[in-house]
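The values are calculated or read from the model by the stated rules, or taken from the named source; none is laboratory data. In this text the structure is predicted, and so the values were computed from the model without any measurement. Using ideal geometry, Cβ is built from the backbone for each residue, glycine included, and neighbour counts are taken over all protein chains shown. The area values use the complete protein model at the heavy-atom level, side chains included, leaving out ligands, DNA and RNA. Shrake-Rupley method; radii C 1.70, N 1.55, O 1.52, S 1.80 Å.
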Amino acid sequence: MRVRFAPSPTGHLHIGGARTALFNWLFAHHSQGVFILRIEDTDRTRSTDEYIGSIMEGMKWLNLDWDEGPYRQTDRFDIYKQYAEKLVSEGKAYYCYCSPEELDKRRKQAMAEGKSLKYNGRCRDLKEPVSGIQPVIRFRMPQEGETLVNDLIKGRTVFDNAQLDDLIIMRSDGAPTYNFTVVVDDVDMNITHVIRGDDHLNNTPKQLHIYKALGYTVPLFAHLPMILGSDKARLSKRHGATSVIAYRDMGYLPEALVNYLVRLGWSYGDQEVFTREELVGHFSFENVGKSSAVFNPEKLLWLNSQYIMKTAPEKLVELVMPFLLQAKIIEAGQSPDKEWLAKAIITLQERSKTLIELAESLRYYISEDIEYNEKAKVKFLTEKNLPYLIELRESLKALDIFAVSEIEKVFHAIVEKHGIKLGNIAQPVRVAMTGKTESPGIFEVLEIAGKEKTLKRLDKAIQTLGMKS
């Protein structure tokens, strides 16, 4: 089994392209086949090396490694020329001397008369070349009968050959066209299965005839249903979908995005969360739906939170580090103790939906100082709570072992002594330590922050209250 992902480098790798790459990768790995990366860069005005680099970067981040390539179509122009000339010599293609102006005039006339806009075949049976004109090469399509496409996902689709145009396969400047290059590449690379978006379905009958004209066994086709936004329109940036690299920069895990992408159109029972090995083992076209999938950013965010919860804290230490640097929570060259950071992360995993959220949550553990949320400050850092904070500060200072079990005893001693609820002291301390009213368990927060930082922040809160009084 040999499959290919063939993006056009006219933009970054987006959700639709990434899903196509993923389905090809899964099929190749499931069938122990070969996955090829091919860059279709014949659109020289829009294709750039920057986009090629970005596409490859996105695939590497998703761990969609390829076995062959990347091949670039711009390196293969001589090959396309040889195949085109072979078709001409066999009478399966012909030179067309009609100028763009003539063709435009005929199209407008056909439109006005309500006739077909396809090429009228004027040069189809031309015997002699026209001097002084550099011709294009057109492929000779059948004009009668039907073309059947047996798609692995869509099923049986029939096309009327009378509607097929004698398409241009080589332009007058020698540049090949998409429908020709894609077939030549598939022939040359022995592609057995073509897995792509169903926006290419209408190109398939044209390509089928080129495969046959070249004497190549036609590959099997699997056209993936489109991905739509919540309004059922074709997916775009306004639906919240953006490039794969942007999701990386927003703090998503590649495993979560892969899991989400594969579930956009594929299912396996009621299972929602899959390991990479499970996806490879279960993948088949029988479980790919025929209807379009709807992109749901909230579902992706939920799935990302599930993966953050299940990721080893030691691994999250490495993953969150770039976001800590970016947010200036740590400075370049600064290296927090990894074992300590992993303990801090454990307290925050269930609360973090993205790596950016996780980094921000770590701020009060790492930073030397914190800012108070104004509402939290007004509500909990009150004169009534000042005696409790002072007493707590002195009791914590006296601890030889600054651990959850000992910290908890100090809190409960003050609660029992003054006949108050734990929240009456826990919440002011939480605001003093984190600046907010929500955090992991306050005993764990203090232990991880450490004795020195805890005393320093309690001093600040006491000083703030002292200035009030």
(request) Just reorder Arg19, Arg393 by solvent-accessible area, largest first, 1.4 Å probe, all chains present. (result) Arg393, Arg19
(request) Only Lys, Arg, Asp and Glu count, each charged at its Cβ (+1, +1, -1, -1), so figure out the dipole size of the chain about its Cα centre, rounded to 20 debye. (result) 1140 debye
(request) Return the sequence-ordered ³J(HN,Hα) values of the stretch 207-215 in whole Hz as given by the Karplus equation 6.51 cos²θ - 1.76 cosθ + 1.60 applied to θ = phi - 60°, using x for Gly and Pro. (result) 5, 4, 5, 6, 3, 5, 5, 7, x
(message) Along its three principal axes, how long is the stretch 88-242 when you only count alpha carbons? Whole Å, largest extent first please.
(response) 54, 39, 31
(message) Tell me which of Pro254, Leu201, Thr181 sits at the most positive position along the dipole axis of the chain, charges placed on C-beta atoms (Lys, Arg +1; Asp, Glu -1).
(response) Leu201
(request) Run the accessible area of the stretch 307-378 with a 1.4 Å probe and give the carbon-and-sulfur part as a rounded percent. (result) 51 percent
(request) Report ³J(HN,Hα) in whole Hz for each residue of the stretch 317-329, in order, from the Karplus equation J = 6.51 cos²θ - 1.76 cosθ + 1.60 where θ = phi - 60°; Gly and Pro get x. (result) 4, 5, 5, 7, 4, x, 6, 5, 5, 4, 7, 6, 6
(request) Please work out how much accessible surface Thr192 shows to a 1.4 Å probe, ignoring ligands, DNA and RNA, in Å² rounded to 10. (result) 50 Å²
(message) For the chain, take the longest principal axis of its alpha carbons; what is the angle in degrees between that and the long axis of helix 404-418, to the nearest 10 within 0 to 90?
(response) 50 degrees
(request) Only Lys, Arg, Asp and Glu count, each charged at its Cβ (+1, +1, -1, -1), so figure out the dipole size of the stretch 378-465 about its Cα centre, rounded to 20 debye. (result) 320 debye
(message) Going by amide H atoms built from the backbone, whose H comes under 5 Å of the H on Tyr119, apart from near neighbours?
(response) Asp166
(message) How large is the accessible surface of Lys299 in square angstrom, using a 1.4 angstrom probe and rounding to the nearest 10?
(response) 70 Å²
(request) Decide, for the stretch 249-340, between rounded, prolate and oblate: order the square roots of the alpha carbon gyration tensor eigenvalues as a ≥ b ≥ c, take rounded if a/c falls under 1.5, and otherwise choose prolate if a/b is larger than b/c, else oblate. (result) prolate
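With n ≥ 4 as the cut-off for DSSP H runs, can you work out [θ] at 222 nm for the chain, using -39500 (n - 2.57) per run divided by the number of residues, rounded to the nearest 500?
-14500 deg cm²/dmol
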(request) Give me the compactness ratio for the stretch 403-469, meaning the Cα radius of gyration over 2.2 N^0.38 Å. (result) 1.09
(message) Can you compute the charge dipole magnitude of the stretch 317-427 about its Cα centre, using +1 on each Lys and Arg Cβ and -1 on each Asp and Glu Cβ, nothing else charged? Give it in debye, rounded to the nearest 20.
(response) 420 debye
(request) Just reorder Tyr97, Tyr83 by solvent-accessible area, largest first, 1.4 Å probe, all chains present. (result) Tyr83, Tyr97
(message) For Arg72, what residues show an amide H to amide H distance below 5 Å, using hydrogens built from the backbone and excluding near sequence neighbours?
(response) Ile39
(message) At 1.4 Å probe radius, can you tell me the per residue accessible area of the chain in Å²?
(response) 49 Å²
(request) Could you go through the stretch 299-315 in sequence order and give the Karplus-derived ³J(HN,Hα) for each residue, using 6.51 cos²θ - 1.76 cosθ + 1.60 with θ = phi - 60°, rounded to whole Hz, and x for Gly and Pro? (result) 5, 4, 5, 4, 5, 5, 5, 5, 5, 5, 4, 8, 7, 4, x, 4, 6
(message) At 1.4 Å probe size, what's the solvent-accessible area of Phe139? Round to the nearest 10 Å².
(response) 10 Å²
(message) Give the separation of the Cα centroids, the stretch 188-231 to the stretch 252-293, in Å.
(response) 22 Å
(message) If you fit an axis through the alpha-carbon atoms of helix 77-89 and take the longest principal axis of the Cα set of the chain, what angle between them do you get, 0 to 90°, nearest 10?
(response) 30 degrees
(message) Two decimals, Cα atoms only, Kirkwood Rh: what is Rg/Rh over the chain?
(response) 1.18
(message) Just to make sure I understand: if all protein chains stay in place, what is the order of Leu279, Leu103 by accessible area at 1.4 Å, largest first?
(response) Leu103, Leu279
(request) Just check the stretch 221-295 against the gyration tensor rule for me: Cα atoms, a ≥ b ≥ c as the square roots of the eigenvalues, rounded for a/c under 1.5, and otherwise prolate or oblate depending on whether a/b exceeds b/c. (result) oblate
(request) Mind jotting down the distance between the C-alpha centroids of the stretch 91-154 and the stretch 408-444, whole Å? (result) 81 Å
(request) With a 1.4 Å probe and every protein chain kept in, tell me what percent of the accessible surface of the stretch 141-240 is carbon plus sulfur. (result) 47 percent
(message) Give me the percent of accessible area attributable to carbon and sulfur for the stretch 43-133, probe 1.4 angstrom.
(response) 49 percent
(message) If I measure Cβ to Cβ between cysteines in the chain, which ones have no partner under 4.7 Å?
(response) Cys98
(message) Along the charge dipole of the stretch 290-404, pointing to its positive end and built from +1/-1 on Cβ of Lys, Arg, Asp and Glu, which listed residue (Ile401, Val294, Tyr372) has its Cα farthest out?
(response) Val294
(request) Pick out, from Gly11, His30, Gly240, the residue whose Cα sits farthest towards the positive end of the charge dipole of the chain, with +1 on the Cβ of Lys and Arg and -1 on the Cβ of Asp and Glu. (result) Gly240
(request) Counting only DSSP beta bridges with both residues in the chain, tell me the antiparallel percent, nearest 5. (result) 50 percent
